1. Just need a number here: residues in region 36-59 that are within 19 Å of residue 104 (Cα to Cα) and touching a strand residue (DSSP E or B) at 6+ places or on another chain (Cβ under 8 Å).
2. Name the residue, out of 341, 289, that is over 19 Å from residue 215 (Cα atoms), in contact with a helix residue (DSSP H, G or I) (Cβ under 9 Å, 6 or more places away or on another chain) and crowded, with 18+ Cβ neighbours inside 10 Å.
3. Can you list the strands (runs of 3 or more DSSP E) found entirely within region 86-189 that contain at least 2 residues being crowded, with 22+ Cβ neighbours inside 10 Å?
4. When region 16-29 is examined, which residues are found to be over 27 Å from the mean Cα position of the chain (by Cα) and without any contact (Cβ under 8 Å) to a residue 40 or more places away in the chain?
5. In the same structural domain as residue 121 (by TED's automatic domain parsing), surrounded by fewer than 16 Cβ atoms within 10 Å (Cβ to Cβ) and in contact with a helix residue (DSSP H, G or I) (Cβ under 7 Å, 6 or more places away or on another chain): does that describe residue 15?
6. In this structure, is residue 276 in a helix (DSSP H, G or I), without any contact (Cβ under 8 Å) to a residue 40 or more places away in the chain and not assigned by TED's automatic domain parsing to the domain that holds residue 75?
7. Scanning for something within 30 Å of residue 354 (Cβ to Cβ) and either surrounded by fewer than 23 Cβ atoms within 10 Å (Cβ to Cβ) or modelled with pLDDT under 95 (or both), does region 265-286 turn up at least one residue?
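The values are calculated or read from the model by the stated rules, or taken from the named source; none is laboratory data. Only a predicted model underlies this, so the values are computations on that prediction, with no experimental measurement involved. Methodologically, a virtual Cβ is constructed for each residue, glycine included, from the backbone with ideal geometry; neighbour enumeration extends over all protein chains shown.
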């Protein structure tokens, strides 16, 4: 079916709802069989919930969503962004202190949350340090929807008739961070819708397809590719029971496509290879449920051997690339446009170029197009540094071959990308370490401690002030500093924790402007 032009997500729901209304939008397992929610029913929920939110005085307000992947999360997201206000998806793995900071920074006045966060959000609400007025547990979302449906029956059309400015900020996404230095990416309907339309032009997905949602929905990769794109196509969404159940869920829901990070595919691949080694030839297609049309990997680099391994099994594993700032997809492979090791070609509305390429054609990848963010919220300096003459500087080193395929080589700057797709910003961590008494300066780096070079852990080189520790041995200094680092670790998600330290009195290698020469510094350690 021909792809529909859409101006915003509200327009998307309206137009695609007419086409796919009776098709299943969600298939949810319950104690007694399965719950099917059609696309028509889903859109009715969105209209009702949005109507009730406006009735509560939340028109134009910032509303957060936090919790595990579930259809209520997605209904809340759409009811906010399609006529109520600005949606602020929050990372469910953040510690309470960080959640409170982000709620405060974003001026959030209401939040949808799952039961797990009840106690801490009640505490934040009672503290009165934020603008929070409403706490909406997802488990009781039906009550809001019922009230909204009553308002609709009574003739309230404020949400249904709400006008969307597709070029204004309607989505605020925080980069992963544990301090106020984390950036808030401002995205618009136009940003997201352009990405959806581009994906629709090149991916062979339609209303007969079924996807399995696993990656956190607050992450724009899952939100766009695993949620909004399937809704646009009239496809069915089901939710994974956990990493150990992915293959079982593929079979259960007859999944045809899904998007995961490399670590998941690599783990599944290793397990399959072990089974083959033990039991001989396996029917791999049926291990994946027998219906897979394509699988997408993104958010981090993947071993090309793993991609080739899947394709040898008859499973189309395609690599993509993107960033939060690009809504997110910049380039992606397809079942037919594929080149091992690349992240595919740029999407139809995306322009790319290499800045200052070296003799091998490698340089920083720049991106331009309507899917590039509006900017960093309340951070004009960072925005100007990232976007110059309309070109977004990705910070990634890449080359583009003669056929237009993009090959990513690594980070230009200092961001450490973990195997699970999480980004670690060393400067942010260093600012915390440098607050420790007796620490002059620090250098945070990623180190592979296993055979798998992509399995990176976070370490730190600490330059200590001997004058502060005049009465301590080096062992005692290590213990004192390490104790405080462990305390810092407890304030952040586990994946960001520092796993080991190196102590020295020697100053770090720096430029004349006191910036650490990271590449030179890392050579002194590894």
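1. Within region 36-59, residues that are within 19 Å of residue 104 (Cα to Cα) and touching a strand residue (DSSP E or B) at 6+ places or on another chain (Cβ under 8 Å) number 1.
2. From the options 341, 289, the qualifying one is 289.
3. Details: elements: 86-89, 108-113, 134-137, 169-174, 184-188.
Counting at least 2 such residues, we get 86-89, 108-113, 169-174, 184-188.
4. Listed by number, the residues that qualify are 18, 21, 22.
5. Numbers: in the same structural domain as residue 121 (by TED's automatic domain parsing): yes; surrounded by fewer than 16 Cβ atoms within 10 Å (Cβ to Cβ): yes; in contact with a helix residue (DSSP H, G or I) (Cβ under 7 Å, 6 or more places away or on another chain): no.
No; evaluated as a whole, the condition is false for this residue.
6. Considered against the rule, which asks whether it is in a helix (DSSP H, G or I), without any contact (Cβ under 8 Å) to a residue 40 or more places away in the chain and not assigned by TED's automatic domain parsing to the domain that holds residue 75, residue 276 comes out as yes.
7. Of all residues in region 265-286, those within 30 Å of residue 354 (Cβ to Cβ) come to 265-266.
From the residues that got through so far, the ones that are either surrounded by fewer than 23 Cβ atoms within 10 Å (Cβ to Cβ) or modelled with pLDDT under 95 (or both) too are 265-266.
Yes, there is a match, as at least one residue in region 265-286 is within 30 Å of residue 354 (Cβ to Cβ) and either surrounded by fewer than 23 Cβ atoms within 10 Å (Cβ to Cβ) or modelled with pLDDT under 95 (or both).
Conditions tested, residue by residue: (1) within 23 Å of residue 220 (Cβ to Cβ); (2) at pLDDT 95 or above.
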{"residue": "362", "(1), (2)": "no, no"}
{"residue": "387", "(1), (2)": "yes, yes"}
{"residue": "395", "(1), (2)": "yes, no"}
{"residue": "406", "(1), (2)": "yes, yes"}
{"residue": "412", "(1), (2)": "yes, no"}
{"residue": "415", "(1), (2)": "yes, no"}
{"residue": "422", "(1), (2)": "yes, no"}
{"residue": "425", "(1), (2)": "yes, no"}
